[in-house]
Amino acid sequence: MIIEIFKPSTMTRTATSPDIQLHRRLAYLDALRGFAALYVVMHHVALMPTPPLLMPDWLRHLIGFGGSGVTLFFIISGFSMCLTWSRYNATTSPIKSFYISRFVRIAPLFYFWLMLAILRDAIFKGPAGQHSVIEIGANTLFIFNLYEPFQAGIVWASWTIGVEMLFYAIFPFIKLAGFNNLLKTLVLLVLSVTIAVIARSGLIEPIKPDSTLSLALFDNVGFFVVLPIFLMGMVTYYADRLFHASLTGALKIWLGRLLLPLAIIALIFLGSYNPDGLAWYYVSAVIYGVLILGFSGWGKIMIINSFTCYLGRISYSLYLNHPTVVYLLMPVYLAIYKIGLESGVTFFFCVIVTVCILVPISQITYRFIESPVILLHKKRSPIYSK
């Protein structure tokens, strides 16, 4: 019975559906992934050293907001999953094909870093760095977000992977359950925000404190707290589709050129003020959604180019590689600061040095770890011949 409920109809699986043709990569999404990765890198270059690197107050607030680059990643993820869903739904096993594709995309580089991280901790931390079989298993199965002591992940900065994989797990069921337009997805978004806010307010106890899940689902990086961000990406996708279906070319460009500056100004304001709290977290997600709509409608723009799109293609490598690179470069940052230049200039010099080292390393991991498995999957999977 359950299989029948979620089984796509033959009409939804026709290869001539216009959505099938929409699964091509969008340049501005790639570029935004690259910008998001660089923003997170700058954030960690500033904050990982002890003490944090010196810089002017106005810059410190903006860089402190760099963690929101992860929010942009999540929104792009929700947008992209909707964008590419048709090619999975056109197969006889949409859920299976979707899961395999996502696993192939995420697992190889993650497992590479997981092995290195386990060895790193065992060598440099001794007994204190040993990870239990349960923790290693939770990381291997991508379920570590469900247990609060494991949420950070063994791999540095991998908490995002734990949340992302849980979203991948439920996304096909969201789509096949009928949340396939702006209104329905917006209702789901409002419901998820309401649940997260009520749970975080302390008005209810959603999970027993001694539960296996602890309070992980509603922690700062808990799945139900982050879920609205992914859903915001889905809402942005359907808003974008309506946007392009309802407006003429000139109106789309006009509206895009209105939304993009407004979103950038709003992000600069948030970055300068850097407010805390769940409400502002969700506000920033809305602004990033507007930013995507602005880029979608703008048309050609210089910052969407081959280099920024290239950074987007290797952004997963940039993200997982960067904490180790930043950590190893800390003595270099200290030496650069001893030169005595203005603190803002010195900080950006540190960022440039980091990026110049990080990008080639990420190209290597992308070329020799990510790409071979992805290309092999594409050759064997029917979804890429549609």
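Nothing in this text is a laboratory measurement; each read-out follows from the coordinates by a stated rule. Note that the coordinates shown come from a computational prediction; the quantities given were computed from them, not determined experimentally. Here Cβ is always computed from backbone atoms with ideal geometry, including for glycine, and neighbour counts include all displayed protein chains.
Between Thr92 and Phe112, the modelled labels are 3.5 nm apart [label points 7 Å from Cα along Cα→Cβ].
Going from the fewest other Cβ atoms within 10 Å to the most, the residues Tyr147, Tyr288, Tyr333, Tyr327 appear in the order Tyr327, Tyr147, Tyr333, Tyr288. About its Cα centre, the chain has a charge dipole of approximately 1440 debye under the convention of +1 per Lys or Arg Cβ and -1 per Asp or Glu Cβ, with nothing else charged.
The value for the chain of Rg(Cα) / (2.2 N^0.38 Å) is 1.01. For the options Gly249, Gly277, Gly299, a Gaussian network treatment of the chain with springs between C-alpha atoms closer than 10 Å singles out Gly277 as fluctuating the most. By the helix-only formula, in which each DSSP H run with n ≥ 4 contributes -39500 (n - 2.57) and the sum is divided by residues, the chain has a 222 nm mean residue ellipticity of -23000 deg cm²/dmol. In this rough spin-label picture, where each label sits 7 Å from Cα along the Cβ direction, the Tyr310-Leu328 distance is 2.1 nm. Candidates Ile339, Leu358, Ile374 compared by Cα position along the dipole of the stretch 316-386: farthest toward the positive end lies Ile374, with charges placed on Cβ.
Judged by the gyration tensor of its Cα atoms, with axes a ≥ b ≥ c, the stretch 23-132 is oblate; a/c meets the 1.5 cut and b/c is at least as large as a/b. A crude spin-label estimate for the pair Ile301 and Val283, with each label 7 Å from Cα along the Cβ direction, gives 2.2 nm.
Normalised Debye scattering of the stretch 308-386 at q = 0.20, 0.21 Å⁻¹ gives log10 I(q)/I(0) of -0.90, -0.95, counting only Cα atoms as equal scatterers and leaving out solvent. Checking the Cα-Cα distances for Lys125/Lys338; Lys300/Lys378; Lys96/Lys300; Lys96/Lys379 against a 26 Å cut-off, the pairs over it are Lys125/Lys338; Lys300/Lys378; Lys96/Lys300. When only Cα pairs below 8 angstrom with a gap of at least 6 residues are kept, the chain shows a relative contact order of 29 percent.
Pairwise Cα distances in the stretch 240-386 exceed 26 Å for 53 percent of all pairs. Here the Karplus relation 6.51 cos²θ - 1.76 cosθ + 1.60, evaluated at θ = phi - 60°, turns the backbone of the stretch 69-74 into coupling constants of x, 5, 4, 4, 3, 5 Hz, with x for every Gly and Pro.
The value of relative contact order for the stretch 264-386, using C-alpha pairs under 8 Å at least six residues apart, is 25 percent. Between the listed residues Leu59, Val326, Tyr238, the Cα displaced farthest toward the positive end of the dipole of the chain, a dipole computed from Cβ unit charges relative to the Cα centre, is found at Tyr238.
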